[in-house]
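The values are calculated or read from the model by the stated rules, or taken from the named source; none is laboratory data. Remember, it's a predicted structure, so these values are computed and weren't measured experimentally. Backbone-built Cβ (ideal geometry, glycine too); neighbour counts: all protein chains shown. Just so you know, the surface numbers come from the protein's heavy atoms only, side chains and all, with ligands and any DNA or RNA stripped out. Shrake-Rupley method; radii C 1.70, N 1.55, O 1.52, S 1.80 Å.
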Amino acid sequence: MLESCQLTPIHRVALVIQYLGTRFHGWQRQKAQRTVQEEIETAIATVLGHHVTLHGAGRTDAGVHAAAQVAHFEATGLIPAHKWATILNGYLPHDILIRASASVDHRWHARFSAAYRRYRYTLYTEDLPNLFVSQLSWHYYYAPLDESLIQAALKPLMGKHHLAAFHRAGSKRSHSWVEVQAAECRRSGSFLHIEIQADGFLYGMVRLLVGMLVQVGSGQRTLASFTEIWKEQRREEVKYAAPPQGLCLLRVGYPDFPLNREIWYDTLPQFVCPINIPGEYPLDD
């Protein structure tokens, strides 16, 4: 008589992930390189006893950070989905943190179910460097930057465009169409924040874009020249990419995300200009 066997339950778990990209060679698993995907997959395998594939919403480059990257994996066993965040944090290195985990439908996909991704690029414009902001910003002190010029350059990018001018070589993507849903530049004292939201991003797109926006903001390039280059897809004229440490994947949006907004929506603190308090003097004067 054959004994009946009970199938091991399989469920899909979504993760909201933060990481400092400084010591990572990007998100995607690569041979002989330290990556975020591999670190988390190794932690999951330690718990489950077998390898699983972690599917991310986007592939950040080497040195780029994430405030709320989203990923999912297939879990076997009886561990509740909401417990995975705490469990994995016990195995992960100090530069990765799982903010939360949740159960999702088997048809839900971290990449393909996403409605948008949003990035923030931070520039620090003081003359003197600052150790406490250097890991999360580009220290740009070469020339003053006019945020109104950068905002004016961003405005025509709104909508769906063929942005091959901001597409680095090496991508497997077959086209360069991107729908830009939001784009803004704002200043807070010595800090300049540029945010871009789109349905998807091309390989190296934001850093190439910021590199040219800085030329506009510093007066090295006109607004008309900037717009002509990307509209006419003159990739050969886009030569400089902004450094990676100023770039952060701010969030990924879904029409049916199971986690509360405060967990994933805006978890990257913004640097602000110090406030001078009247009557406050150094103790050693």
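Summary table
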read-out	value
Pairs where the first residue, in region 233-247, is more than 15 Å from Leu163 (Cβ to Cβ) and the second is at pLDDT 95 or above and among the aromatic types (Phe, Trp, Tyr), C-beta under 6 Å, 6+ apart	Ala242/Trp138; Pro243/Trp138; Gly246/Tyr121; Gly246/Trp138; Leu247/Tyr121
Index of the failed condition, Phe112 passing every other in (1) farther than 23 Å from Met205 by Cα; (2) open to solvent by 70 Å² or more (accessible area, probe 1.4 Å); (3) at pLDDT 95 or above	(1)
Conditions (1) within 20 Å of Ala68 (Cα to Cα); (2) modelled with pLDDT of 95 or more: number failed by Thr267	(2)
Meets criteria (of a type outside the set (S, T, N, Q), modelled with pLDDT of 95 or more and not in a strand (DSSP E or B)) for Val180	no
Pairs where the first residue, in region 74-91, is free of Cβ contacts under 8 Å to residues at least 60 places away in the same chain and the second is among the polar types (S, T, N, Q) and open to solvent by 60 Å² or more (accessible area, probe 1.4 Å), C-beta under 7 Å, 6+ apart	Tyr91/Thr46
Enumeration of residues in region 205-234 that are surrounded by 18 or more Cβ atoms within 10 Å (Cβ to Cβ) and more than 13 Å from Ile150 (Cβ to Cβ)	Met205, Val206, Arg207, Leu208, Ile229, Trp230
Evaluation of Gln245 against (1) assigned to a loop (DSSP other than H, G, I, E, B); (2) touching a Phe, Trp or Tyr at 6+ places or on another chain (Cβ under 9 Å); (3) open to solvent by 40 Å² or more (accessible area, probe 1.4 Å) (one fails), failing number	(1)
Residue list for region 29-73, filter: small (Gly, Ala, Ser) and in contact (Cβ under 8 Å) with a residue 40 or more places away in the chain	Ala43, Gly56, Ala57, Gly58, Ala62, Gly63, Ala66, Ala67, Ala68, Ala71
Any hit, region 200-213, residues being over 30 Å from Ala71 (Cα atoms), at pLDDT 95 or above, in a helix (DSSP H, G or I) and touching a strand residue (DSSP E or B) at 6+ places or on another chain (Cβ under 8 Å)	yes
Cβ pairs under 6 Å, 6+ apart, first in region 131-153 and closer than 21 Å to Ala183 by Cα, second of a type in the set (Phe, Trp, Tyr)	Ser137/Tyr124; Ala153/Phe226
Checking Phe73 against (1) buried (at least 16 other Cβ atoms within 10 Å of the Cβ); (2) modelled with pLDDT under 95; (3) farther than 19 Å from Arg251 by Cβ, the condition it does not meet	(2)
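The rows are residues; the columns are (1) in a helix (DSSP H, G or I); (2) under 20 Å from Arg12 (Cβ atoms); (3) in contact with a Cys (Cβ under 9 Å, 6 or more places away or on another chain).
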{"position": "His25", "(1), (2), (3)": "no, no, no"}
{"position": "Gln37", "(1), (2), (3)": "yes, yes, no"}
{"position": "Ala67", "(1), (2), (3)": "no, no, yes"}
{"position": "Phe73", "(1), (2), (3)": "no, yes, no"}
